[in-house]
Amino acid sequence: MKSVEQKVLALNGDEAVAYAVKQCDVDVVAAYPITPQTIIVERFSEYVANGEVETAFVCTESEHSALTACLAASLTGARAFTASASAGLALMHEMLFVTSGCRAPVVMAIANRALSAPINIHGDQSDTMAQRDSGWIQIYAENAQEVYDSVIQAFRIAEHPEVLLPAMVCLDGFQLSHSVENVNVLPDDVVKKFVGVRQFPKVLTHEGKLAPLRLDPHNPMTLGPLAFPNYYFEFKRQQEEAMKKALEVIRQVHNEYAEISGRSYGDGLLDPYHLEDAEIATVCLGSTAGTVKAVVDELRSEGVKAGLLRIRAFRPLPVEGIRKALENVKAVAVMDRSMSFGGHGGAVFHEVRHALYDSDKRPFIVNYIYGLGGRDTSPMQVRAIYKDLQEIVQKGHVETPIKYVGLRE
Amino acid sequence: MKIPKTLKEMPLTPLSLPTIGSMGKTGTWRTFRPIIDYSKCTKCTLCWIYCPDAAITRRDDDSPEIDYEYCKGCGICANECPVKAIAMKREEE
C-alpha cells in the first residue's frame, strides 16, 4: 500500500507532541508546566486559544491535580492527555497507580529529565525509570519524527478494549524536546480516522442491562471504590494480563500505522540495527540510539560485526523478543541513563540480563551508566564501549561488569 | 446479584453499583426512632433533603415518609425540621 502524502514541518520534539495531540481529537488536556515539557502544553494552549481544537484545557495547581483531572475525564469516557517531566512526574506518583488501576487510557508525554537533588533541568531517564512499575505503558522515542508517530499510536494502544491502560511516550529532555527536526505530518483527517472514537467494554448495571464501563448518570456506578484482601489481588493480576496483551497491540497498531505513513520502527517493540550477524551489540533506549547507529556504521565499514538493539517499548517489556535478538551475540553492553542505587547496575541492565537468563547461549553482558543530568555522550565514548566488548570476547571473561561513561573518576 | 469468584468473572476495575440495602436492613442499628407529627409538618421537604441515607421519601403531596427498614436514627431530620415536627423516641418505648 502506498503511504499517504505528507507535509514536512520543522518541529522540535515537544512541538511534535503538541501537533500530534491536536490531530487526535482529544477532549481534555489538563497540565502544569515543567521544563523541558513546557513547550508541549504551551503550543497546545495556543491551539485552544486559536479555536483550532475543541479540547477543554484545564490549568491545574499541580501535576498531582493535572493527572487527577485527566483520570476523572477519562472515566467519563473522554480522551485525555497530559505531559510532564522529572519532579512533576514524581508528584504524580500516587495518581499514576490510580489511573492504571482504574484502567483509564490517559496518554502522557514525558520529556525525560533528571530528578533532584542536586537540582538539574537536563535530560536523563531517572524520572520514567522510577515509574516503571506504575502500570503504565512506556514507549521511548529516538527522534522527533518517532515522537509524533508514537503519540498518535499511543491513543490507539491505550484505548484498545483488550488493553485499557494509560501510556507514556518518553522523549529525551532537550536532545529531543528542544531540538528542531524535519517532521513528516499526516493530514488531519487521516489521523482522526486512524485514532477513531473511544470504545468501551460493557458491564452489567444495577438494573441488569449492559452499559459502557464509564461514569454516566443514566447508568450510575462508582469507579475506584474499595477492594479489600478478598478482591484486590485479582484486579492487579488483570493489569498484568492487559500488559501482556499490549505487546501484541503495540505491534499491530505500529504495523497499521506503518502502512499509512510509510514509517516503521522495527516491530514496534524492538528496533534492531545490524543485529542479524552481530558479534557485539549495545542495548539502549531513546535518542542515544542515533549516536550509536552512527558508530555502528563506522565499525561496520571497518569490518567489525557491531549491532544495536533499541528498546522502544520498555513497558510491557518484550522479553522473548530481547532474548531472540541477543542470544547469538557474544557480548552485550546495556546502556542505562538512570541509576538504581544499591541495585546491581541500572534498570535496563537488570531487565535485559533477566531476559537472557533463560537462553542456553547466554552472552557476556555488561552495563554502562551514562548521560546523567544531561551529560553528553559522544561517538568516541560509544566506540570505547564496543572496544570493551571486543576485549571481553577475546579474553573470554568480564572484568568490570558496571562502568560509568564519561565520569571524572 | 451474583458474587464473582475468580478474576475471569470480575470486571476490569473495581466498580460498585447502586443497590438497596447492600449492608442489610440498617434500620436495626437504630436507638432513637424519628416520629413525624403530620399535624405540624409544613411539607417543606428539608428532612428529605438532609437525610444522609435517603431513607425519607416524598409522597405525592410532598409530605415525608420514613422508611424504618433503613433509617439508622441519626436524628438529622429532627434537628433540621424548622417547626419541630419530628420527635426522636427511644426504640423500646
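The values are calculated or read from the model by the stated rules, or taken from the named source; none is laboratory data. Because the structure is predicted, anything quoted here is derived from the model rather than measured. Cβ atoms come from the backbone with ideal geometry, glycine included; neighbour counts cover every protein chain shown.
Hey, does segment A:233-247 have a residue that's more than 25 Å from the chain's Cα centre (by Cα) and closer than 24 Å to A:Gln138 by Cα? Scanning segment A:233-247 turns up at least one residue that is more than 25 Å from the chain's Cα centre (by Cα) and closer than 24 Å to A:Gln138 by Cα. Only a single item in (1) within 21 Å of A:Leu269 (Cα to Cα); (2) touching a helix residue (DSSP H, G or I) at 6+ places or on another chain (Cβ under 8 Å) is not met by A:His122, and it is number (1). Candidates in segment A:221-230 are the residues that are loosely packed, with under 14 Cβ neighbours inside 10 Å and part of a loop (DSSP other than H, G, I, E, B); of these, the one that is nearest to the other protein chains (Cβ to nearest Cβ) is A:Pro225.
Restricting A:Leu165, A:Leu204 to residues that are under 16 Å from the mean Cα position of the chain (by Cα) and either without any contact (Cβ under 8 Å) to a residue 40 or more places away in the chain or within 14 Å of chain B (Cβ to nearest Cβ) (or both) narrows the list to A:Leu165. For segment A:1-74, the strands (runs of 3 or more DSSP E) that sit wholly inside it and include 1 or more residues that are within 21 Å of the chain's Cα centre (by Cα) are A:7-12, A:28-31. Scanning segment A:330-340 for residues that are within 15 Å of A:Arg310 (Cα to Cα) and not in a strand (DSSP E or B) yields a count of 1.
Does segment A:114-171 hold any residues that are hydroxyl-bearing (Ser, Thr, Tyr) and part of a helix (DSSP H, G or I), and which are they? Result: A:Ser126, A:Thr128, A:Tyr148, A:Ser150.
Which residue, of A:Arg198, A:Arg214, is of a type in the set (D, E, K, R), within 21 Å of A:Ala167 (Cα to Cα) and away from chain B (no Cβ under 12 Å)?
Numbers: A:Arg214 fails: away from chain B (no Cβ under 12 Å).
Selected residue: A:Arg198, the only one of A:Arg198, A:Arg214 that is of a type in the set (D, E, K, R), within 21 Å of A:Ala167 (Cα to Cα) and away from chain B (no Cβ under 12 Å).
For A:Ile157, the requirement of being farther than 23 Å from A:Pro201 by Cα and aliphatic (A, V, I, L, M) is not met.
For segment A:160-174, enumerate the residues that are surrounded by 24 or more Cβ atoms within 10 Å (Cβ to Cβ) and within 14 Å of A:Glu240 (Cα to Cα).
Looking only at segment A:160-174, we keep the residues that are surrounded by 24 or more Cβ atoms within 10 Å (Cβ to Cβ), and these are A:163-173.
Hits for segment A:160-174 are A:Val163, A:Leu164, A:Leu165, A:Pro166.
Working only within segment A:289-305, note down all residues that are under 23 Å from the mean Cα position of the chain (by Cα) and surrounded by fewer than 24 Cβ atoms within 10 Å (Cβ to Cβ). Within segment A:289-305, A:Gly290, A:Thr291, A:Lys293, A:Ala294 qualify.
Here B:Asp53 meets the list (1) among the acidic types (Asp, Glu); (2) within 14 Å of chain A (Cβ to nearest Cβ); (3) touching a helix residue (DSSP H, G or I) at 6+ places or on another chain (Cβ under 8 Å) almost entirely, failing just condition (2).
Screening the candidates A:Glu234, A:Glu276, A:Glu240 for the property of being under 24 Å from A:Arg353 (Cα atoms), within 14 Å of another protein chain (Cβ to nearest Cβ) and either among the acidic types (Asp, Glu) or in a strand (DSSP E or B) (or both) yields one hit, A:Glu240. Scanning segment A:344-358 for residues that are in contact with a strand residue (DSSP E or B) (Cβ under 6 Å, 6 or more places away or on another chain) and either part of a loop (DSSP other than H, G, I, E, B) or modelled with pLDDT under 95 (or both) yields A:Gly345, A:Gly346. Is one or more of the residues making up segment A:25-32 out of contact with any strand residue (DSSP E or B) (no Cβ under 8 Å at 6 or more places or on another chain), touching a residue at least 60 places away in the same chain (Cβ under 8 Å) and of a type in the set (Asp, Glu)? Yes, there is a match, as at least one residue in segment A:25-32 is out of contact with any strand residue (DSSP E or B) (no Cβ under 8 Å at 6 or more places or on another chain), touching a residue at least 60 places away in the same chain (Cβ under 8 Å) and of a type in the set (Asp, Glu).
Among the candidates A:Gly373, A:Gly345, the residue that is under 27 Å from the mean Cα position of the chain (by Cα), buried (at least 18 other Cβ atoms within 10 Å of the Cβ) and of a type in the set (Gly, Ala, Ser) is uniquely A:Gly345. Summed over segment A:104-133, residues that are in contact (Cβ under 8 Å) with a residue 24 or more places away in the chain, among the charged types (D, E, K, R) and surrounded by fewer than 24 Cβ atoms within 10 Å (Cβ to Cβ) total 1. Of the residues A:Arg103, A:Arg156, A:Arg132, the single one that is within 14 Å of chain B (Cβ to nearest Cβ) and of a type in the set (Lys, Arg) is A:Arg103. For segment B:1-19, the set of residues classified as hydrophobic (A, V, I, L, M, F, W, C) and facing another protein chain (nearest Cβ under 9 Å) consists of B:Met1, B:Leu7, B:Met10, B:Leu12, B:Leu15, B:Leu17, listed by residue number. The residues of segment A:318-342 that are surrounded by fewer than 21 Cβ atoms within 10 Å (Cβ to Cβ), within 24 Å of the chain's Cα centre (by Cα) and closer than 24 Å to A:Lys361 by Cα, listed by number, are A:Val319, A:Glu320, A:Gly321, A:Arg323, A:Lys324.
Contact annotation: residue pairs with Cβ atoms under 9 Å, 6 or more positions apart or on different chains, pairing a residue in segment B:76-93 that is touching a residue at least 60 places away in the same chain (Cβ under 8 Å) with a partner that is surrounded by 11 or more Cβ atoms within 10 Å (Cβ to Cβ), are B:Glu91/B:Arg30; B:Glu91/B:Thr31; B:Glu91/B:Phe32; B:Glu91/B:Arg33; B:Glu91/B:Gly73. Out of A:Ile34, A:Ile40, one residue alone is modelled with pLDDT of 95 or more, within 27 Å of A:Gly77 (Cβ to Cβ), of a type in the set (A, V, I, L, M, F, W, C) and in the same structural domain as A:Ala144 (by TED's automatic domain parsing). It is A:Ile40. Every listed requirement among (1) in a helix (DSSP H, G or I); (2) touching a helix residue (DSSP H, G or I) at 6+ places or on another chain (Cβ under 7 Å) is met by A:Ile392 save one, (2).
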